[in-house]
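Q: First, the structure itself, so that you have it in front of you.
A short reminder: the numbers here are calculations on the coordinates, not readings from a lab. Not measured: the values here are computed from a predicted model. A quick note on method: Cβ atoms are made from the backbone with ideal geometry, for glycine too, and the neighbour counts reach across all protein chains shown.
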Amino acid sequence: MKKKNLKKLLYENLKTLIGALIIAILIRSLLFQPFYIPSSSMEPTLLVGDRIFVSKYIYGYSKHSFPFSPNFSNKRFFFKKPKRGDLVVFKTPADNRTDYIKRLIGLPGDTIQFIDGSLFINQIKVIKDEIKSSNMIRCGNFILDTTTYMETLSNGSKYLAVYKKKGSLQNTKIFKVPSDHYFLLGDNRDCSKDSRYLDSVGYVKNINLVGKAKIIFFSNDTNKGSLLKLWNLKNSFRFQRLFKVL
């Protein structure tokens with residue numbers, strides 16, 4: 001009798017565990033997925049140590065919406081067009097596995113170019129206003145002395161972008177965004193591998209879009225201490241970024 005009760009208990013626990021796992025996978029695949037920010041390419045918008053929630057349904061679904069990107073289809077279902085200025089998580093075209101997050105700048109058919117350090121979309125200069133702020137921005141293990149601008153896109157989307165005061169990228173060729181592709185840039189313009197680098201990132205296919213970043217739900221400065229060092233959380237934990245809407 002005791003063995004039967006034990007088997008029944010194990011069976012019920014296993015059912016509960018499998019049910020919870022299925023629900024978690026569905027939420028992660030269809031609604032929201034958490035991501036960790038490991039690099040400084042999106043400073044000052046996103047910092048190393050930020051943890052964000054990404055909306056999975058906002059652009060519809062593809063094979064990259066699901067864990068391990070099962071190759072069941074090369075189509076996107078319930079597709080909704082992303083907007084210029086969105087913070088987009090996508091699978092890099094180079095391997096279709098690695099998750100990147102960048103800002104969507106170019107839509108299909110657009111031309112993108114940097115001229116004398118300014119961003120041009122369809123031959124129109126993007127408005128940028130210099131603002132007073134902390135200009136020391138990370139780039140890996142280095143600190144860059146930068147100038148911070150508020151850039152305003154044609155649809156009214158505004159965001160902060162930083163450029164090195166010395167040695168900043170000045171001029172590029174013209175990038176012509178192909179059909180069903182997008183052009184994305186890091187806000188930390190001189191410390192970002194993005195669509196300007198055609199051999200590693202380049203234009204991002206529609207099917208590679210994973211979702212849109214919505215909120216920072218947690219942030220810890222790893223340079224000031226690990227989460228395991230509970231006694232140091234007052235120095236490393238970024239309370240001001242808690243539940244910050246993006």
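Q: Find the all-direction average of the projected area of the Cα convex hull for region 57-127, expressing the result in square nanometres with one decimal place.
A: Approximately 6.0 nm², given one-decimal rounding.
Q: Give me the net charge of ARG241's neighbourhood, meaning all other residues with Cβ under 12 Å from the Cβ of ARG241; Lys, Arg count +1, Asp, Glu -1.
A: +1
Q: Still on this structure, I have one more. Given an 8 Å cut-off on Cα distances and at least 6 residues of separation, report the relative contact order of region 33-245 as a percent.
A: 27
Q: Given points 7 Å out from each Cα along the Cα-Cβ axis, report the ILE215 to LYS176 separation in nanometres with one decimal.
A: Between ILE215 and LYS176, the label points sit 4.4 nm apart.
Q: What angle do you read, to the nearest 10 degrees and between 0 and 90, between the alpha-carbon axis of helix 2-30 and the longest principal axis of the chain?
A: Here the helix axis deviates by roughly 20 degrees.
Q: Could you line up THR111, THR148, THR16 from fewest to most neighbouring Cβ atoms inside 10 Å?
A: THR16, THR111, THR148
Q: Given points 7 Å out from each Cα along the Cα-Cβ axis, report the TYR57 to SER154 separation in nanometres with one decimal.
A: So the two model labels end up 3.1 nm from each other.
Q: Going by how many other Cβ atoms sit within 10 Å of their own, how do TYR57, TYR100 line up, fewest first? Before the final figure, lay out each step's value.
A: Numbers: TYR57 15, TYR100 23.
The order, fewest Cβ neighbours first, is TYR57, TYR100.
Q: Calculate one ³J(HN,Hα) per residue across region 158-174 by plugging θ = phi - 60° into the Karplus curve 6.51 cos²θ - 1.76 cosθ + 1.60, and present them in order as whole Hz with x for glycine and proline.
A: Here the 3J(HN,Hα) series is 10, 7, 8, 10, 10, 10, 4, 6, 10, x, 6, 4, 9, 9, 9, 6, 7 Hz.
Q: In addition: At a Förster radius of 41 Å, what calculated FRET efficiency corresponds to the Cβ-Cβ distance of GLN113 and ASN235, to the nearest 0.05?
A: 0.40
Q: Related question: Go through (1) 1.08; (2) 1.06; (3) 0.98 and flag the label whose value is the computed Rg/Rh (Cα atoms, Kirkwood Rh) for this structure.
A: Answer by label: (2).
Q: Using the Cα centre as the reference, give the magnitude of the dipole from point charges on the C-beta atoms of region 112-246 (Lys, Arg: +1; Asp, Glu: -1; all else neutral), rounded to the nearest 20 debye.
A: Its charge dipole is roughly 400 debye.
Q: How do PHE77, PHE66 rank when sorted from fewest to most other Cβ atoms within 10 Å of their own Cβ?
A: In increasing order of surrounding Cβ atoms, one gets PHE77, PHE66.
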